[in-house]
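J.: Structure in C-alpha cells, see below.
The values are calculated or read from the model by the stated rules, or taken from the named source; none is laboratory data. What you see is a predicted model; the values in this text were computed from it and never measured. Note: ideal-geometry Cβ built from the backbone for every residue, glycine included; neighbour counts use all protein chains shown.
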Amino acid sequence: MGEFTKPMENLGKDAKEYVDLRVDDLKLRTVKGLSLSLNQLLSMILVLFCGSIVLLALAFGIILLLGQAIGSYAGGALIIAAIFAVVTFVLWKMKDKLFLNTFVKLFVDLFFEKDEDEEEDNEKKEEAQA
C-alpha cells in the first residue's frame, strides 16, 4: 500500500514547491517593477526640478528684458505670468492625454513582460498603419 501512495506524496510536495516558486517569482517581478518605477519617478523629479530652475531663470530674464522695453518691470512680470497661466491651463486640459495614458502604458510595460510573438505582432500592426 505504501508504494501506491508514494506518487501522491510526491505530487503534494511538487505542488507545494511549485506554489512557492510562483510566489517567489511574483515577489521578484514586483520588486523589479517597483524599482524601475521608483527610478523613473526620481529621474523625472530631478529633471523637472532642474528644468524648473532653468525656466525660472529664463522667465526672470525675459521679465527684465520686457520690463526695460515697455518701461515697466511689473508689466513685464504680468505678461510672463499670463503666458505661464495659459500654458498651465492648456496642460491641465490635456492632462489625461499627456500624463494618465503615458503612465498607464509605462506601468503596464514595467509590470507585464511582453512575449516576443506579441512584440512582432505589434510591430507588424504599426507598420501596416504607417
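J.: Could you please let me know if Gly71 is surrounded by 11 or more Cβ atoms within 10 Å (Cβ to Cβ), at pLDDT 85 or above and over 25 Å from Val104 (Cα atoms)? Can you show your working first?
T.: On the way: surrounded by 11 or more Cβ atoms within 10 Å (Cβ to Cβ): no; at pLDDT 85 or above: yes; over 25 Å from Val104 (Cα atoms): yes.
No.
J.: Can I ask one more? Going by the conditions given, is Gln40 modelled with pLDDT of 90 or more and of a type outside the set (A, V, I, L, M, F, W, C)? Reasoning before the result, please.
T.: Working: modelled with pLDDT of 90 or more: no; of a type outside the set (A, V, I, L, M, F, W, C): yes.
It is false that Gln40 is modelled with pLDDT of 90 or more and of a type outside the set (A, V, I, L, M, F, W, C).
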